Amino acid sequence: MGKSTPLKVALLGCGVVGSQVARQLLAQAEDLRARIGRPLELVGIAVSHLDKERPGIDRELLTDDALALASRGDVDLVIELMGGIEPARTLLLAAIKAGSSVITANKALLAEDGPTIYSAAEEAGVDVYFEAAVAGAIPIVRPLRESLVGDEVTTVMGIVNGTTNFILDKMTTDGADFADVLAEAQRLGFAEADPTADVEGFDAAAKAAILASLAFHSRVKLADVTREGITAVTASDIEAAKEMGCVIKLLARCALSPDGTISVGVHPTMVPLAHPLASIPGAYNAIFIESRNAGRLMFMGKGAGGSPTASAVLGDLVTAARNRVRGARGPGESTYSARTITEAGLERSRYYASLTVHDEPGVLAQVAATFAQHGVSLQAVRQESVGEQARLGVMTHLAMHREVSGAIADLDRMPTVRPGISLMRVEGD
Ligand code: HSE
């Protein structure tokens, strides 16, 4: 092929990110051509509503037949920005079968059924790139897949959902309750009308599965991730965290244990103020990595939005296009480690329990004894008298979730303990 022969690009989806990608393909055409060595030509955009207003998008390119566009044999690169499992999976598989390299931001599909996409691409000899699937603009997939592939990553931990970080940040600043802040976030357009995927931690869990697969060279699926959202976080939890010199963040945590097993979870977590993740504000995302040789690394940026996410998509597009020009391929799936994933309940963390008890002789000893009976060692205890009651804050040493929740269940049954014990993970050891 000559240097002036365009590489053909098809776009599936033209929402906030897709429309920005389409605009940037035009606006940056000359630079992209120079960086790739051949021009890119956008040959079609699949949309659900042909009549919708799309400023800056050539109507001639629009089609509502996504399968026909994805299956064209003459397209070099297909970008999927529709989201969801179907029809995205069928369309990506059709594009791969037709010989196109694919670029996707679809975290739900990759976390649910990534291996099907990767194996199809392997068989067809094409690339799959997905930088925009995790943490929007932040380069994190490529650092794990390529830059750190000669190292041993031991921890990947981060704030990978902007909506929940915005809500928790606002609860911390204003002392407000979850429901009030969520309603305000929805009014301001920071949270979706149906916020379930964000506030229940599904979005973060899908991203955690992808990050853990890359970091530990093992298949990790959404179902392997222990998950807890932020809907139960109260203003008093936020207050308790402040008293302990912490903030509450929804943390995705992927860790390699010394015994070679891995744990992957998403939980509201008390993060000590000195930790780099504690200061990540508003809707920002950040990912913190520890590895044997590189040590500690931190990546921070915008995790959503048209232009930031389009930046990641276009980076993948240039990379996949350069591979095409050279007749080369980028890395495929690396899952040789096949590590065992820690069963839910057996993962270890520090915990902070807040409970209200009768302020009577022997009650504190009963509480401490209950933790001890479940094999949980205590690191610190705070007590504040409120009339005839006392508010206790109990920080544990590292313990299994199963042990700590066993102690909480026993405490819940004690007549000297008021109902409504709150339990939260604490980062660090
Ligand atoms: N809804 C996500 C967030 C962005 O709030 O971060 C897309 O994954």
Task: Bins of 10 Å from zero: percent of alpha-carbon pairs in the range 348-426 - done: 20, 59, 20, 1
Task: Rounded to 10°, Cα long-axis angle of helix 306-326 versus longest principal axis of the chain - done: 50
TODO: Once you have the Kirkwood Rh of the range 29-151 from its Cα pairs, apply Stokes-Einstein at 4 °C and 1.567 mPa s and quote D in µm²/s.
DONE: 82
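Below 10 angstrom from the Cβ of Ala95, what's the summed charge of the other residues (Lys, Arg +1; Asp, Glu -1)?
Result for the local shell: +1.
How would Ser119, Ser101, Ser279 rank on accessible area, largest to smallest, probe 1.4 Å? Present the calculation step by step, with values, prior to reporting the outcome.
Values: Ser119 55, Ser101 5, Ser279 85 Å².
Per-residue accessible area, sorted high to low, gives Ser279, Ser119, Ser101.
As a test of understanding, state the convex hull volume per residue of the range 141-302 from its alpha carbons, in Å³. Mind showing how you got there, number by number?
Numbers: hull volume 17.9 nm³, N = 162.
Expressed per residue, the convex hull around the Cα atoms of the range 141-302 is 111 Å³.
Could you order Leu61, Leu250 by accessible surface area, starting with the largest, using a probe radius of 1.4 Å?
Correct descending sequence by accessible area is Leu61, Leu250.
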Open item on the list: Could you tell me how far the Cα centroid of the range 386-412 sits from the Cα centroid of the range 95-131, in Å?
Closed with: 46
Task: C-alpha long axis of helix 363-373 to longest principal axis of the chain, angle in ° - done: 50
Task: Largest-first principal axis extents, alpha carbons of the chain, Å - done: 86, 47, 33
Task: Percent accessible area from carbon and sulfur atoms, the chain, protein chains only, probe 1.4 Å - done: 51
Open item on the list: Given a 1.4 angstrom probe, what's the average accessible area per residue across the chain, in square angstrom?
Closed with: 43
TODO: Any chance you could look up the accessible area of Cys14 with a 1.4 Å probe, heavy atoms only, rounded to 10 Å²?
DONE: 20
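As a test of reading the structure, rank Lys249, Lys302, Lys8, Lys97 by solvent-accessible area (1.4 Å probe, protein chains only), most first. Intermediate values should be presented prior to the final figure.
Values: Lys249 10, Lys302 105, Lys8 55, Lys97 180 Å².
Ranked list, largest accessible area first: Lys97, Lys302, Lys8, Lys249.
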Open item on the list: Per 0.36 nm of contour for each residue apart, how much would the distance between Glu360 and Ala193 grow if the chain were fully extended, relative to their Cα-Cα spacing?
Closed with: 55.4 nm
Open item on the list: Taking the 0 to 90 degree range and rounding to the nearest ten, how far is the long axis of helix 107-124 tilted relative to the main principal axis of the chain, both from C-alpha atoms?
Closed with: 40
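As a check on your grasp of the helix formula, calculate [θ] at 222 nm for the chain: sum -39500 (n - 2.57) over DSSP H runs of n ≥ 4, divide by the residue count, round to the nearest 500. Kindly include the intermediate steps, with their values, before the conclusion.
Working: 13 runs with 149 residues, N = 429.
After summing the helix terms and dividing by residue count, I get -10500 deg cm²/dmol.
Loop only by DSSP, 10 or fewer other Cβ within 10 Å of the Cβ. Give me the GluC sites (Glu not before Pro) in the range 215-257 that pass, ordered by residue number. Kindly include the intermediate steps, with their values, before the conclusion.
On the way: sites: Glu228, Glu239, Glu243; in loops: Glu228.
Qualifying residues, ordered by number: none.
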- [ ] Taking 7 Å along the Cα-to-C-beta vector as the label spot, tell me the Val16-Leu273 distance in nanometres, rounded to one decimal.
- [x] 3.2
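The values are calculated or read from the model by the stated rules, or taken from the named source; none is laboratory data. Predicted model only: the values in this text are computed from it and were never measured. Heads up, the Cβs are rebuilt from the backbone with ideal geometry, glycines too, and the neighbour counts pull from every protein chain shown. Quick note on the areas: whole protein, heavy atoms, side chains included, nothing else; ligands and nucleic acids left out. Shrake-Rupley method; radii C 1.70, N 1.55, O 1.52, S 1.80 Å.
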